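A short write-up of the structure that comes next.
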Amino acid sequence: MGNWLVNHWFSAAVLAAWLGINIFLFTYYFLFFDRDERYFYTRAILGSALAWARASAKCLNFNSMLILLPVCRNLLSFLRGSFSCCRRTLRKQLDHNLTFHKLVAYALALLTAVHTIAHLFNLERYNHSQQANDGSLHAVLSKMHLQDSNKWLNPIHSNQTTVEYVAFTTIPGLTGVIITLALILMVTSSTEFIRRNYFEVFWYTHHLFIIYFIGLVIHGVAGLVRGQTEESMKEVHPQSCAEFLVNKSKECRHKCCKEPEFGSIPAESWKWVLAPVILYIFERILRIWRARQKVVVTKVVMHPAKVLELQMQKKGFRMEVGQYIFVNCPAVSLLEWHPFTLTSAPEEDFFSIHIRAAGDWTEHIIDTFQQQKLEMPRIKVDGPFGTASEDVFLYEVAMLVGAGIGVTPFASILKSIWYRFQQNDQTLKTKKIYFYWLCRDTGAFTWFNDLLASLEQKMAESGKADFLTYRLFLTGWDTSIANNAALHFDTVTDTVTGLRQKTIFGRPRWDTEFSAVATAHPRSVVGVFLCGPEALAKVLRRSCHQHSSLDPRKVKFYFNKENF
């Protein structure tokens, strides 16, 4: 538990605060609507379902306020560069933005279910009270519209009205159905399977959030749920006057003989979501403005394993190591934007990305650039945006783990290190880097062979050959590759990559690797950075917990993962 706190205490604190606010809001408003005397008559018709509906509505408003903030990428990049105290801890929290976004979305789905079920009970009880003729309090309250059309508590005024009719003909009912359907589509299309195999479905359905927020804002404007007004409470308090409604005679002259007056609960959703919606609108305007700026594709390289490298230039473009951009190619799709990690270094006069065929859009853009003859396809770029890898140079020791194309952010880091060695940069805080690259096929290693070979040579010339330790793992091979490697085991360079470091067949033994790093750096803070699948993230996260110490004088491992 202590080792877990080293990596996650701040995330746990944020999660506890979020849960605490939700529990407080639900409990406070549940008790408020269950006990407040202004809703005495409303509860006579609806019972406890009123409190369930209103309490869940408040929590829905709170989470709707939060849902857009984690996806305001420019805001997150600004905050990432603004923290001056507790910098590492706060910046790490920003890397969990999508996790928090999903968590809030699941909370919205749960609260929507509670809110919808409670209101279905409310509609059924409204309908039952309207049809009742037994002289009970809820029956009398439901007939008050017959005496004065403005004095009504039950929104159902006809015995022929059904629950379905109210749900699809009133503003609250219709908007409730629409925003519930929009939420269901957004949540179900966000599953890992859909995002990885049908990204376009995920991308298009997620834009239903526009309908969701429009529906949310106007959902309560009709004010179907009502309570007794403050002025009426002073004249005919329900605790002392409710019995007169049931047993009132025509000659009644008691002050309680005056009928109570009711007013609608004001629509409040707009107050909760106004600020984040405005912030998000500015975010989108900034993205559109940046996307309209001209991008020049200076070089196109086709690598093995169907990986496309694009080198580009854009006026005013500035980047840091490990950042990513969103790319749009109008020749493929006018609306779709996809994220790619930058593989270039800040010291270079261009920025580059590597695109692997992994779906319809990536395959189409690769084919488009392969088939281009005279005119280069147009590219739009939004970004760059910050990621966890930006913090790599804040650590004395760094462990970089890339799986397949997940090597891209570390290519940027390694290139930047190469340039810093070229310039003899003395401000570099990092003293040691361990680099692990896991690939399924040998062709993938050719993407950055030249970079690793140059680093080997430059560090040897600088007398810093021990600065970088890298290990290449081939996780998929046949017997011919293994036999060839064994036959040439004594050669200076590796038969698979041509590098001095020999390729290892199989997967890393992470406990051994972490133990070796902990032994070599017993008093250091080690940053562990991953760009790869969630299964590997779980293994590395567990290893960080196991090998970290709460003792400030001993080694600590901080886990960081790319999320976009």
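Some points to look at:
- DSSP beta bridges fully contained in the chain are about 50 percent antiparallel.
- Measuring between their Cα centroids, region 315-384 and region 127-183 lie 55 Å from each other.
- Listed by chain and number, the aspartates and glutamates whose C-alpha is less than 14 Å from the C-alpha of K258, apart from same-chain residues fewer than 8 away, are D148, E231, E235, E243.
- A simple spin-label model places the labels of V201 and T116 1.9 nm from each other, with each point 7 Å out along Cα-to-Cβ.
- Here V301 sits with roughly 40 square angstrom of accessible surface, probe radius 1.4 Å.
- Förster radius 45 Å - calculated FRET efficiency between H521 and D349 (Cβ-Cβ, nearest 0.05): 0.80
- Sequence-separation-based contact order of the chain, relative, with Cα cut under 8 Å and 6+ spacing, percent: 12 percent
- Spin-label model distance (nm) - R318 vs A453, 7 Å beyond Cα toward Cβ: 3.6 nm
- Stretch gain in nm, segment Q371-H128, where the contour uses 0.36 nm per residue and the Cα spacing is subtracted: 80.6 nm
- Multiplying the residue separation of E37 and R292 by 0.36 nm and subtracting their alpha-carbon distance yields 86.1 nm.
- Helices in the chain that qualify as membrane-span-like (whole DSSP H runs, Cα extent of at least 30 Å along the helix axis, mean Kyte-Doolittle hydropathy of 0.0 or higher) are 2-35, 97-131, 269-291.
- Cross-link pairs K306/K415; K315/K432; K429/K561; K432/K458; K151/K255; K458/K554 - those with Cα-Cα distance over 25 Å: K315/K432; K458/K554
- The length gained on full extension between V177 and K429, counted as 0.36 nm times the residue separation minus their Cα-Cα distance, comes to 85.1 nm.
- Excluding same-chain neighbours fewer than eight residues apart, the aspartates and glutamates reachable from K538 by a Cα-Cα span under 15 Å are D511, E562.
- Placing R0 at 22 angstrom, the Cβ-Cβ distance between I184 and I214 gives a FRET efficiency of 0.85 after rounding to 0.05.
- Simple label model, 7 Å out from Cα along Cβ direction - F78 to K143, nm: 6.1 nm
The values are calculated or read from the model by the stated rules, or taken from the named source; none is laboratory data. Keep in mind the model is a prediction, meaning the values are calculated, not measured. Note that we place each Cβ from the backbone using ideal geometry, even for glycine, and neighbour counts take in every protein chain shown. When the accessible area is computed, the model is the full protein with side chains, heavy atoms only, and any ligands, DNA or RNA have been set aside. Shrake-Rupley method; radii C 1.70, N 1.55, O 1.52, S 1.80 Å.
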